[in-house]
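The values are calculated or read from the model by the stated rules, or taken from the named source; none is laboratory data. None of the values given here were measured: they were computed from a predicted structure. Using ideal geometry, Cβ is built from the backbone for each residue, glycine included, and neighbour counts are taken over all protein chains shown.
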Amino acid sequence: MTREEILAELEKVEHPEIAASLVELGMIQDIAVEGDTVRVAMALPTLGIPEIVRNMLVQSVQQVLESLNYRMEVEFFEMTEVAKQRFFVIAQARWKGSI
C-alpha cells in the first residue's frame with residue numbers, strides 16, 4: 001500500500017473521547033512506510049495525557065495497521081501552540097465524554 005492509502009485508512013480512526021478522527025485533530029502528523037512497518041508521528045496536546053488515553057490511541061491505530069498486515073512504531077511529541085488551539089476547539093465542539 002502507498003503512504004496515502006494507509007493515511008486514508010487512518011483517517012477513519014476516531015479519538016476515544018472526541019467525535020473526530022485522529023488525523024482531523026492533527027494527532028497523526030506523519031507516517032512513513034518502511035517494508036512491513038509503519039512509523040507514526042503522533043502529536044499529543046500534552047505529553048502528560050493519562051496513560052490509558054495514550055494506550056487507547058496507540059491501540060486504535062495499531063488495530064488498523066495490523067489489519068493491513070503492518071507493524072507499527074510510534075513516536076510521540078507535543079503539539080505546537082497553534083495545533084493545540086485547533087485541537088481544543090474541535091474537542092470542545094465534539095466532546096463525547098469520559099472513557
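Scanning the stretch 1-49 for residues that are among the β-branched types (V, I, T), in a loop (DSSP other than H, G, I, E, B) and touching a residue at least 24 places away in the same chain (Cβ under 8 Å) yields a total of 3. Scanning the stretch 71-99 for residues that are part of a loop (DSSP other than H, G, I, E, B) and within 18 Å of Q29 (Cβ to Cβ), which turns out nearest to the chain's Cα centre (by Cα)? Result: M79.
Taking every residue in the stretch 58-77 that is more than 23 Å from P45 (Cβ to Cβ) and pairing it with any residue that is of a type in the set (D, E) and assigned to a strand (DSSP E or B), at least 6 positions away or on another chain, yields no pair with a Cβ-Cβ distance below 9 Å.
Inclusion of M27 among residues that are over 25 Å from T2 (Cα atoms), modelled with pLDDT of 95 or more and either touching a strand residue (DSSP E or B) at 6+ places or on another chain (Cβ under 7 Å) or surrounded by 12 or more Cβ atoms within 10 Å (Cβ to Cβ) (or both) is not warranted. Of all the listed residues (L68, L44), the sole one being of a type outside the set (G, A, S), under 16 Å from P16 (Cβ atoms) and surrounded by 12 or more Cβ atoms within 10 Å (Cβ to Cβ) is L44. V53 fulfils the conditions (1) at pLDDT below 95; (2) part of a loop (DSSP other than H, G, I, E, B) except for a single criterion, (2).
On the basis of being closer than 24 Å to M1 by Cβ and touching a strand residue (DSSP E or B) at 6+ places or on another chain (Cβ under 7 Å), does E66 make the cut? Here the answer is no, as E66 does not meet what is asked.
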